[in-house]
Structure formats: structure tokens, C-alpha cells
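Engineer: Quick one: this structure, given as C-alpha cells, is what I'll be asking you about.
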Amino acid sequence: MMAMSLYIERRFEPAYVHFLTDEKENQEEPWYQAILNYKFNDIYPLDMDKRGQRAIRLLASQYVLNQGELYMRMPQGVILLCLDHSKAKKVMEEVHEGECGPYMSGPMMAKKIMCLGYYWKSMETDCIK
């Protein structure tokens, strides 16, 4: 009897995150544009395959539209306004310049921003940087 090897790949973030790239800071569309298009018009990006479309549908179930704005629905029932990269940068600067801002760690700053009602997908990483 021959033993077969088993390859296990460990991932540190959900696979659907890779469908929504935000590599360029100066891009015209925000990171959540695919979700917004799906929520408004049931339209997927043109280059997306069936797996990607399924990922967008699953991801869109975590978001809510309110007066034309996209909000992330948190498990506690709170909704957070989704920000693009430029607005997120402004919010981080304002929170960092506030009282006790410079002495805050990255994760604590991200939590404070969430308490203010804002969200973006790379929030904690951006706050640490």
C-alpha cells in the first residue's frame, strides 16, 4: 500500500478578499465598486468568472445600501460607512491628530475609527503603517 502525500495550504484571510484589489491609491473606483454595482443593478465586473461572481454575492450579503451609500453590517447590528482610500486617509489623519492620537497603537486606532462609524477593507493594516 502506497501512502499519498497531503498538501495543506494555510490562508490568513478569506479567499474573496483577493477578488477586490486596491493596489493603486489613485484609482478612480473605490475598492467596493463591484459590491456597489451588484447591490444596485445586479451587475458583475466583466472579467469575473463564476467563482468570482459567487464571491461577490456572498460578500455583498454583508453590506447594506442606505441613501446611496454602502455600509458594512457588523454582527452587533451596527452599520459602518465604507470609505475609499482617499477618504480613509483623511479619517486616519484626523483621528491621529486628535486627543491621545499619537500614542495610540495601530489596532487601537482602527477600533476607534470603527467606533466613529467608518470602515474600509485594509483598515487595521493602514493604521499600523
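The values are calculated or read from the model by the stated rules, or taken from the named source; none is laboratory data. Nothing here was measured: the structure is a model prediction, and the numbers come from that model. Every residue, glycine among them, receives a Cβ derived from its backbone with ideal geometry; neighbour counts consider all protein chains shown.
Engineer: Scan the stretch 4-35 residue by residue and report those that are among the β-branched types (Val, Ile, Thr), modelled with pLDDT of 65 or more and either touching a helix residue (DSSP H, G or I) at 6+ places or on another chain (Cβ under 8 Å) or not in a loop (DSSP other than H, G, I, E, B) (or both). Write out each step before concluding.
Structural biologist: Initially, the stretch 4-35 is screened for residues among the β-branched types (Val, Ile, Thr), giving 8, 17, 21, 35.
Adding the requirement that they be modelled with pLDDT of 65 or more leaves 8, 35.
Passing the criteria: only Ile35.
Engineer: Assess whether Asp47 counts as being at pLDDT below 90 and surrounded by fewer than 13 Cβ atoms within 10 Å (Cβ to Cβ).
Structural biologist: Spelling it out, Asp47 is indeed at pLDDT below 90 and surrounded by fewer than 13 Cβ atoms within 10 Å (Cβ to Cβ).
Engineer: Among the residues of the stretch 36-55, what is the count of those that are in contact with a helix residue (DSSP H, G or I) (Cβ under 8 Å, 6 or more places away or on another chain), free of Cβ contacts under 8 Å to residues at least 40 places away in the same chain and not charged (D, E, K, R)? I'd like the intermediate steps shown before the answer.
Structural biologist: Going residue by residue through the stretch 36-55, those that are in contact with a helix residue (DSSP H, G or I) (Cβ under 8 Å, 6 or more places away or on another chain) are 38-39, 43-45, 48, 52, 55.
Imposing the further condition that a residue be free of Cβ contacts under 8 Å to residues at least 40 places away in the same chain reduces the set to 38-39, 43-45, 48, 52.
Next cut, not charged (D, E, K, R) only: 38, 43-45, 48, 52.
Matching residues across the stretch 36-55 total 6.
Engineer: Out of all the residues in the stretch 69-85, which are out of contact with any Phe, Trp or Tyr (no Cβ under 9 Å at 6 or more places or on another chain) and either outside the structural domain of Phe40 (by TED's automatic domain parsing) or not polar (S, T, N, Q) (or both)? Walk me through it before giving the result.
Structural biologist: Narrowing the stretch 69-85 to residues out of contact with any Phe, Trp or Tyr (no Cβ under 9 Å at 6 or more places or on another chain): 69, 75-78.
Hits for the stretch 69-85 are Glu69, Pro75, Gly77, Val78.
Engineer: Right, another one. Taking only the stretch 35-44 into account, find how many residues are surrounded by 14 or more Cβ atoms within 10 Å (Cβ to Cβ) and not aliphatic (A, V, I, L, M). I'd like the intermediate steps shown before the answer.
Structural biologist: Taking the stretch 35-44 and keeping what is surrounded by 14 or more Cβ atoms within 10 Å (Cβ to Cβ), we get 35-39, 44.
Filter once more, so that each one left must be not aliphatic (A, V, I, L, M): 37-39, 44.
The number of residues fulfilling the criteria is 4.
Engineer: Only helices (runs of 4 or more DSSP H) wholly contained in the stretch 47-129 count here; list those with 1 or more residues that are in contact with an Asp or Glu (Cβ under 7 Å, 6 or more places away or on another chain).
Structural biologist: Numbers: elements: 50-60, 85-97, 106-115, 123-128.
Answer list for the stretch 47-129: 85-97, 106-115.
Engineer: Further question on the same structure: For the list (1) out of contact with any Gly (no Cβ under 7 Å at 6 or more places or on another chain); (2) under 21 Å from Ile35 (Cα atoms), I need the number of the one condition that Lys112 fails.
Structural biologist: All conditions pass for Lys112, except number (2).
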